[in-house]
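Colleague: Below is a structure I'd like to ask you about.
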Amino acid sequence: MVIEALKKENVDVIFGYPGGAVLNLYDQLYDADIRHIMTRHEQAAVHAADGYARATGRPGVVFATSGPGATNLVTGIATAYMDSVPLVLITGQVSSPLIGTDAFQEADIFGITLPITKHNYLVTELADLPRIMKEAFYLAASGRCGPVLIDLPKDIQQAEGEFRYPKTVQIPGYNPTYDGHLGQINRAIKALARAKKPVLYAGGGVVSSGAHELLLELAERTETPVTTTLMGLSAFPGCHPLSLGMLGMHGTYWANIAVNEADLLIAIGARFDDRVTGKINRFAQGAKIVHIDIDPAEIGKNIRVDVPIVGDVKRVLTELLKKTEAKQHPEWLARIEELKNCAPLVYCQEPEGELLPQFVIESIYRETKGEAVITTEVGQHQMWTAQYYKFKNLRSLASSGGLGTMGYGFPASLGAQLGRPEEIVFCIAGDGSFQMNSQELATAVNYNIPVKVAIINNQYLGMVRQWQQIFFRRRYSSVALEKGPDFVKLAEAYGAVGLRAEKAAEVAVVIRQAMAIPGPVVLDFRVRAEENVFPMVPPNCPTCEMIRGDEE
Amino acid sequence: MKYVLAVLVENKPGVLVRVAGLFARRGFNIESLAVGKTVDPAISRMTIEVEADEKTLEQVVKQLNKLINILRISNLTHEPSVNRELVMIKVKANATNRAEIQQIVETFRAKIVDVSLHSVIIEITGNEEKLEAILLLLSHYGILETVRTGKIALLRGSKVIKNGEVKENDKDVL
Ligand SMILES: Cc1ncc(C[n+]2csc(CCOP(=O)(O)OP(=O)(O)O)c2C)c(N)n1
Ligand SMILES: [Mg+2]
């Protein structure tokens, strides 16, 4: 029944791991024509499904067994929940009569995942199953997207019954608002017409709503610069003259100052996260704030909002553009140009000197022409990716923003590659993070998923080391990784290709080599150990107070 | 300040946990919570009393609204409504002061529902002031145990809650 429902939902790939409580499900998979990717850890299965979902916009599907299988999903579910990624997860559960008896491999995954799912179900009757499946897919991928979990006891998997998949869903307590309030939209239009120093602040909502073209149109028509969050990077072309790049803790100097000087800030599908705002009561102090979001609970949660617009970003922007008139802001743009010149993103790669991480990432950008699908792990390399890779296409970045999950990027790249088989997929990884799910090299080789893992190998948990350097007087506590492993050998042990670059001149060569190989490749970039990410807003400081470099 | 919310929820397993968990994890304070079925057995009604400032209350309501099993939330705080709570109080009592206690009970229009050699159980329904008043008085005799149902509230007159709004009654009342 589950498999039939998945077919009705046009699911083409499932990520999962078998076990006692899902034997029946896996038996049905045996001759079903849906692809199943067996990862080497359930956490990786969720991240892979999440990468698939972010890269395609379609919900990712995960199977896992009861007990430890289900609890291994937790980090992945929380990651997807924080970043509003649509997933449908199906876990086996012990047979209904055994529930609550501490049976073998019983875990209350319904209870455990209550706070990290958009909704979850424990199926108690076979008759409910088709409806629940239908609802799960609908809930996951509508409104503000998110993970939905279905816990399915073994006896219900075994039971036979007539399968009638409902055509429609009726969930009385769930009615997302898609159309924005016209009065508020008009107020936003007026505010934009009056503004002298407007900034658009775009988040992941623009990506999930597919509103990138409308955002571009709005920016160009009103000559308004656009800054994005980490989640929103692929929503606006990074090399567009109106792009300010990312804002926030490791955002560009000019994006943060522009927001600080703005008289109008239009937040679109973003949620004023503390990594973006810094000290919240000093954020965009001089600006009128328009907030467009599909989730009413986000509006007014962290910051006072002058013009609240609840609705789907795409629909709201469509409406907004109907009456928005063309405008120029030569002075404002000149001011931004001035800011850009006064603190550009720079690094100085000596041809024979130590390899710099920024240079490696910029080289990946150059070699892929900004056309690759990128996933990242979490740490310095993630922030350098945000700064130096200029994203061009929608859904070309999958990175754990809200939860900041190390171990996300590599499995996510497998899912992204399966969802976008024709494209080049790079995972930009840290040497620490990669080791959290490096066992997935077996999956990559097993299914020949040709991802390129670029390890920015600084021999440190670099981001933590940077904080210890700056805020704890260089007392480096448990951050060194110099004892390896040898990532080239590791790749080879799994049957993948491993390549290494230690000098600037080798970087482009190995990247090209990797792209020419039709299978998974691990690239070990030996970079300078104590390089830091700048600019940096110290925690709880206003975003205009940035540390701009090591000398400060 | 204290707010009173009437929340209609689908009568499904786990709904109470969802509500309680949401309050706990977002740091909202529940003063009291009472649940029971409505005329429609598929729907339950919760009365939740929340201690919050206005901004927090807004978040409480918005976050509750995101729970899929929640149907309607209405804020009864500023609506004319009848608020009641039932309390049972076990008080130390003996032959010498039982009559005195009986008098207090009558004055408050409460009831003695159980008598033993050394104690009585008093049942009383009322709003907060009334309950606090009797509890204070009875504390002189020694309160052994109390149990409270939590506040329940209903709009006065023929007004009902429909679609989360307060409306004049028409046919289908829950
Ligand atoms: C699962 C998990 N554990 C711990 C952390 C805390 N943390 C954030 S960044 C970081 C270091 C990451 O090191 P690495 O992957 O080598 O990346 P680098 O910063 O060196 O580029 C750590 C430990 C985290 N984000 N996720
Ligand atoms: Mg590192």
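Bear in mind that the values in this text are calculations on the coordinates, not laboratory data. Quantities reported herein were computed from a predicted structural model and do not represent experimental measurements. FYI the Cβ positions are ideal-geometry reconstructions off the backbone, even for glycines, and counts take in every protein chain you see.
Colleague: Give the residue list of trypsin sites (Lys or Arg not before Pro) in the stretch A:263-370 that are DSSP loop and have at most 12 other beta-carbon atoms within 10 angstrom.
Modeller: For trypsin sites (Lys or Arg not before Pro) across the stretch A:263-370 that sit outside H, G, I, E and B with at most 12 neighbouring Cβ atoms in 10 Å, the list reads A:Arg304, A:Lys369.
Colleague: Got a sec to turn the phi values of the stretch B:17-25 into Karplus ³J(HN,Hα) couplings, 6.51 cos²θ - 1.76 cosθ + 1.60 with θ = phi - 60°, whole Hz, x for Gly and Pro?
Modeller: 4, 4, 5, 5, x, 4, 4, 5, 7
Colleague: Tell me, A:Phe487, A:Phe163, A:Phe104 in order of fewest to most beta-carbon neighbours within 10 Å? Each step should come with its number before you reach the end.
Modeller: Working: A:Phe487 25, A:Phe163 14, A:Phe104 11.
Sorted ascending by nearby Cβ count, the order is A:Phe104, A:Phe163, A:Phe487.
Colleague: Can you return the lysines within cross-link range of A:Lys483? Criterion is Cα-Cα under 29 Å, with same-chain partners fewer than 8 residues away left out.
Modeller: Cross-link targets: A:Lys452, A:Lys503.
Colleague: Using θ = phi - 60° and the Karplus curve 6.51 cos²θ - 1.76 cosθ + 1.60, what whole-Hz ³J(HN,Hα) does each residue of the stretch A:480-493 get, with Gly and Pro shown as x?
Modeller: Values, residue by residue: 7, 10, 5, 7, x, x, 7, 5, 5, 5, 4, 4, 5, 4 Hz.
Colleague: Counting other Cβ atoms within 10 Å of each Cβ, which trypsin sites (Lys or Arg not before Pro) in the stretch B:97-139 have at most 16 and sit in a DSSP loop?
Modeller: Numbers: sites: B:Arg98, B:Arg109, B:Lys111, B:Lys130; in loops: B:Arg109.
Answer by residue number: B:Arg109.
Colleague: Which of the three applies to the stretch A:1-60, rounded, prolate or oblate, going by the alpha-carbon gyration tensor with a ≥ b ≥ c and a/c under 1.5 meaning rounded?
Modeller: oblate
Colleague: If contacts are Cα pairs under 8 angstrom and at least 6 residues apart, what is the relative contact order of the stretch A:1-46 in percent?
Modeller: Computed value for the stretch A:1-46: 48 percent relative contact order.
Colleague: If I histogram all Cα-Cα distances within chain B using bins 5 Å wide from 0, what percent of pairs lands in each bin?
Modeller: Percent of Cα pairs in each bin: 1, 8, 16, 17, 15, 13, 11, 9, 7, 3, 1, 0.
Colleague: Of A:Gly92, A:Thr39, A:Tyr17, which is farthest along the charge dipole of the stretch A:1-157 in the positive direction, counting Lys and Arg as +1 and Asp and Glu as -1 at C-beta?
Modeller: A:Thr39
Colleague: In debye, nearest 20: dipole of chain B around its Cα centre with unit charges on the Cβ of K, R (+) and D, E (-)? Could you put the intermediate results ahead of the total?
Modeller: Details: 25 positive and 22 negative charges, 96 e Å.
It works out to roughly 460 debye.
Colleague: Counting Lys +1, Arg +1, Asp -1, Glu -1, what net charge surrounds B:Ile152 among other residues with beta carbon under 15 Å of its beta carbon?
Modeller: My count for the surroundings of B:Ile152 gives +3.
Colleague: Under 13 Å Cα to Cα from B:Lys55, which aspartates and glutamates show up? Leave out anything in the same chain fewer than 8 places away.
Modeller: Here the aspartates and glutamates satisfying the reach criterion relative to B:Lys55 are A:Glu298.
Colleague: Give a residue-ordered list of calculated ³J(HN,Hα) values for the stretch A:389-400 (Karplus: 6.51 cos²θ - 1.76 cosθ + 1.60, θ = phi - 60°; whole Hz; x for Gly, Pro).
Modeller: 8, 8, 6, 10, 10, 4, 6, 9, 9, 10, 8, 7
Colleague: Evaluate peptide A:204-217: per residue, the Cβ atoms of other protein chains within 10 Å of its Cβ; return the mean as an integer.
Modeller: The per-residue average across the peptide is 0.
Colleague: Mind checking the stretch A:93-194 for GluC sites (Glu not before Pro) that DSSP puts in a loop (not H, G, I, E or B) and that have at most 13 other Cβ atoms within 10 Å?
Modeller: Working: sites: A:Glu106, A:Glu125, A:Glu135, A:Glu160, A:Glu162; in loops: A:Glu106, A:Glu125, A:Glu160, A:Glu162.
Listed in order of number, the matching sites are A:Glu125, A:Glu160, A:Glu162.
Colleague: Near A:Asn302, within a Cβ-to-Cβ distance under 14 Å, what is the net charge of the other residues, with Lys and Arg +1 and Asp and Glu -1?
Modeller: Combined, the nearby Lys, Arg, Asp and Glu give +3.
Colleague: Rounded, prolate or oblate, given the Cα gyration tensor of the stretch A:307-460, with a/c below 1.5 counting as rounded?
Modeller: Details: a/c = 2.29, a/b = 1.36, b/c = 1.68.
The shape class here is oblate.
Colleague: Can you give the mean number of other chain Cβ atoms that lie within 10 Å of the Cβ atoms in peptide A:119-129?
Modeller: Values: counts 5, 3, 4, 2, 0, 1, 0, 0, 0, 0, 0.
For this peptide, the per-residue mean of nearby foreign Cβ atoms is 1.
Colleague: Counting DSSP beta bridges in chain A, what percent are antiparallel, to the nearest 5?
Modeller: 5
Colleague: Hey, another quick one. Taking a quarter of the surface of the Cα convex hull of the stretch A:264-372, what do you get in nm²?
Modeller: With the hull built on Cα positions only, its mean projection is 10.7 nm².
Colleague: Continuing with the same structure: Given the peptides A:474-481, B:81-88, arrange them by the average over their residues of other C-beta atoms within 10 Å, most packed first. Mind showing how you got there, number by number?
Modeller: Working: A:474-481: 11.9, B:81-88: 16.8.
Output ranking for A:474-481, B:81-88: B:81-88, A:474-481.
Colleague: Using the crude model of +1 on Lys and Arg Cβ and -1 on Asp and Glu Cβ, and no other charge, please compute the dipole size for the stretch A:278-322 relative to its Cα centre, in debye to 20.
Modeller: 220
Colleague: Work through the residues other than A:His119 whose Cβ is under 10 Å from its Cβ and net out their charges, Lys, Arg +1 and Asp, Glu -1.
Modeller: Details: positive: A:Lys118, B:Arg18, B:Lys66; negative: A:Glu135.
Here the charged neighbours net out to +2.
Colleague: Just tell me which lysines come within less than 22 Å, Cα to Cα, of B:Lys92; anything on the same chain fewer than 8 places away is out.
Modeller: B:Lys111, B:Lys130
Colleague: If you don't mind, another one. Please work out whether chain A counts as rounded, prolate or oblate from its C-alpha gyration tensor, where a ≥ b ≥ c are the square roots of the eigenvalues and a/c under 1.5 means rounded, while otherwise a/b larger than b/c means prolate and anything else oblate?
Modeller: Since a/c reaches 1.5 but b/c is at least a/b, the shape of chain A is classed as oblate.
Colleague: Work out the mean other chain Cβ neighbour count within 10 Å for the residues of B:61-67 and drop it here as an integer.
Modeller: 5
Colleague: How high is the relative contact order of chain A, given as a whole-number percent (alpha carbon pairs under 8 Å, six or more residues apart)?
Modeller: Value for chain A: 14 percent.
Colleague: Could you sort A:409-415, A:170-176, B:13-19, A:198-204 so that the peptide with the highest average Cβ count within 10 Å comes first and the rest follow in order?
Modeller: Packing proxy ranking, top to bottom: A:409-415, A:198-204, B:13-19, A:170-176.
Colleague: Given 10 Å bins starting at zero, what is the percent of C-alpha pairs of the stretch A:93-135 in each, up to the one with the largest pair distance?
Modeller: Spelled out per bin, shortest first, that is 25, 48, 27, 0.
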